[in-house]
Amino acid sequence: MNKSENIELKALFEVSRVLTSSFDLERNLYSVLEILSKELDMRRGSIFVLDKKTEEISIVAAYGMTQEEISRGIYRIGEGIVGKVIEIGLPMFIPDIEKEPQFLNKTGSRPNKKGISFLCVPIKIEEEILGVLSADRIYADEKGDVDDDLRVLSIVASLIGQFLKLWETYKSMEDENLILRTQLKDRYNFPNLIGQSPSFQAVLKTVMKVAGTDATVLLFGESGTGKELIAKTIHFQSKRAKEPFVAINCAAIPEALLEAELFGSEKGAFTGAVKRVGKFEQANGGTIFLDEVGELPLSLQPKLLRVLQEKTVEPLGSSKTVKVDVRIISATNKDLSDEIRKGAFREDLFWRLNVIPIYIPPLRERKEDIPLLVEYYLKRYCSIYKKSVTIDNEALNVLVSYDWPGNVRELANTIERLVVMTESNKIKLYDLPDTVRGNLKIKSTFSGESKLPAEIEELERIRIMDTLPKFNFNIRRTAQALGLTERQLNYRIKKYGIKIKKGVNLNDSNN
């Protein structure tokens, strides 16, 4: 192997190393041209990329040119030497650019063109042409060979082509991730936490204060109050928003597997164990959400305490510790103070988790928020199911009066079911589930706030309204079910102002 071959190999190795070092497009391509200039004496190099939409060929990296000169280097397919190489897909060599009319020198970077040779090779993957690589060269009798230079440039162009393809894939994924991160940040933004009640506004105020910090947060509240929504909002409004948000339900995984899920495991740590990266490592740099942390077994609580204190985890079956940078947000629907008294939860762990406590009130403590939530979920599910549904005031008042033991989750499920099942464009009282209307019966009929005759009439009215939809508003069958005559039922419908669905044949015996 002669000296020139050694130089070529060294240059190709350096080019390969640079192109695999990162996805910084301009820096990497500039470094490639710099290597060609310093190692192979190829001056004023340029890398052009073809925009398939506009069919313009422009410089993305250049060595030995000013920014102004680079900005002028734009060609069309077939225009000049650069455009011609794109058009034919083959290398071209111009011995003396001063004597070549096709050499346009659009950049104006060669005021003195005498004695300059120009080499231009296509950048392509298989038959797809991505751009061109060009370089100036001044040949002396004793130094340089055109065929060798074209061969080396073609190899470099092939490496650049592979890099450009990888970069396009990377850029596409980055753009997609940016869109997703933006959508998540918008979705888990403060305006999307719906509630105007003082108790919920207090929650929002605390969330806004802690979101920008790394403080450990403990969320209290009944099931269905939206603890995970609050946790995600804290994460996506924090400086960790670009990093992972990892959630785990401590009550949903068997105790025997929970340790490996949280902290990871080595192969053979237990029967059937494989090497597993735990949730804490997965969340490194981001946030881990420990839902139902009150269900965490006593045997695992010291390990969690160690993570909080030392910022390290020890995978199951390993003697090595792994450093983790994780923000911890936990949630519970239990009274942890009571669990501590029972000996089911460690007091030292409680105080580590309870740095910023946030109590999320149940719906029955913030009834003024129910109309807002109903409106929000109506819009959401109407959009999903391509329907246009509203709710009348009587039905809305019943929803407000209901205690919602399942809280926001139950309300959301109820509204979704109503949107799906309703046959009209307005939700009426008789459309509501029996559980919700049953609550109304108890409160209105047996509240003791009105006289007995009025209470009996109210119960009668509700019974009729409950029964009519079950028989598709057929008067005869409804009357039979209620133990009334059709005349008596019609009288009561008129008396109580009960509205019948339009388009229903009340006397149709097939109903």
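The values are calculated or read from the model by the stated rules, or taken from the named source; none is laboratory data. Predicted model only: the values in this text are computed from it and were never measured. Positions of Cβ are generated from backbone atoms using ideal geometry, with glycine treated the same way; all protein chains shown enter the neighbour counts.
Matching residues to (1) surrounded by fewer than 19 Cβ atoms within 10 Å (Cβ to Cβ); (2) farther than 30 Å from Arg306 by Cβ; (3) not aromatic (Phe, Trp, Tyr):
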| residue | (1), (2), (3) |
| --- | --- |
| Val355 | yes, no, yes |
| Arg366 | no, yes, yes |
| Leu378 | no, yes, yes |
| Val389 | no, yes, yes |
| Asp403 | yes, yes, yes |
| Val408 | no, yes, yes |
| Val419 | no, yes, yes |
| Ser424 | yes, yes, yes |
| Leu429 | no, yes, yes |
Item to check | the range 333-360 residues that are under 15 Å from Glu295 (Cβ atoms) and without any contact (Cβ under 8 Å) to a residue 24 or more places away in the chain, paired with ones that are in a helix (DSSP H, G or I) and among the aliphatic types (A, V, I, L, M) (beta carbon under 8 Å, 6 or more apart) | outcome: Phe350/Leu336; Phe350/Ile340
Checklist entry - Got at least one residue in the range 18-28 being under 20 Å from Arg151 (Cα atoms) and either modelled with pLDDT under 90 or not in a strand (DSSP E or B) (or both)? => result yes
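Let's see how each residue does on (1) farther than 24 Å from Gly83 by Cβ; (2) modelled with pLDDT of 90 or more; (3) not in a helix (DSSP H, G or I):
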| position | (1), (2), (3) |
| --- | --- |
| Leu119 | no, yes, yes |
| Leu130 | no, yes, yes |
| Leu133 | no, yes, yes |
| Asp148 | yes, no, no |
| Gly161 | no, yes, no |
| Leu164 | no, yes, no |
| Trp167 | no, no, no |
| Lys171 | yes, no, no |
Item to check | Candidate set: the range 391-401, residues that are buried (at least 18 other Cβ atoms within 10 Å of the Cβ) and in contact with a strand residue (DSSP E or B) (Cβ under 7 Å, 6 or more places away or on another chain); chosen: the one nearest to Leu432 (Cα to Cα) | outcome: Ala395
Checklist entry - Restricting attention to the range 114-166, which residues are among the hydrophobic types (A, V, I, L, M, F, W, C) and closer than 15 Å to Ile57 by Cβ? => result Cys120, Val121, Ile123, Ile129, Leu130, Val132, Leu133, Ala157, Ile160, Leu164
Next on the checklist: Given the criteria in contact with a Leu (Cβ under 8 Å, 6 or more places away or on another chain) and not in a loop (DSSP other than H, G, I, E, B), does Ile234 qualify?
Outcome noted: no
Item to check | Arg352 vs. criteria assigned by TED's automatic domain parsing to the domain that holds Phe220, basic (Lys, Arg), touching a Leu at 6+ places or on another chain (Cβ under 9 Å) and part of a helix (DSSP H, G or I) | outcome: yes
Checklist entry - For the range 467-499, what are the residues that are modelled with pLDDT of 85 or more, among the basic types (Lys, Arg) and within 52 Å of the chain's Cα centre (by Cα)? => result none
Item to check | Filter pass, Ala215 being surrounded by fewer than 20 Cβ atoms within 10 Å (Cβ to Cβ) and in a strand (DSSP E or B) | outcome: no
Item to check | Qualifying residues in the range 4-32 (those that are surrounded by fewer than 17 Cβ atoms within 10 Å (Cβ to Cβ) and small (Gly, Ala, Ser)) - the one nearest to Ser158 (Cα to Cα) | outcome: Ser16
Checklist entry - Quick check: is even one residue across the range 264-286 modelled with pLDDT of 90 or more, closer than 23 Å to Ile340 by Cα and not hydrophobic (A, V, I, L, M, F, W, C)? => result no
Checklist entry - So which helices (runs of 4 or more DSSP H) stay within the range 363-442 end to end and still have 3 or more residues that are touching a Gly at 6+ places or on another chain (Cβ under 9 Å) and not basic (Lys, Arg)? => result 407-421
Checklist entry - Could you say whether any residue in the range 384-406 is on the phi > 0 side of the Ramachandran plot and modelled with pLDDT under 90? => result no
Item to check | Qualifying residue in the range 103-117 (condition: within 21 Å of Val152 (Cα to Cα) and among the aromatic types (Phe, Trp, Tyr)) | outcome: no
Checklist entry - On the given criteria, is Leu308 farther than 22 Å from Ser223 by Cβ, within 32 Å of the chain's Cα centre (by Cα) and in contact (Cβ under 8 Å) with a residue 60 or more places away in the chain? => result yes
Next on the checklist: Tell me whether the range 215-226 contains one or more residues that are within 14 Å of Val326 (Cβ to Cβ) and small (Gly, Ala, Ser).
Outcome noted: yes
Checklist entry - Can you tell me which residue in the range 173-194 is modelled with the highest pLDDT, limited to those that are of a type outside the set (A, V, I, L, M) and touching a helix residue (DSSP H, G or I) at 6+ places or on another chain (Cβ under 9 Å)? => result Asn192
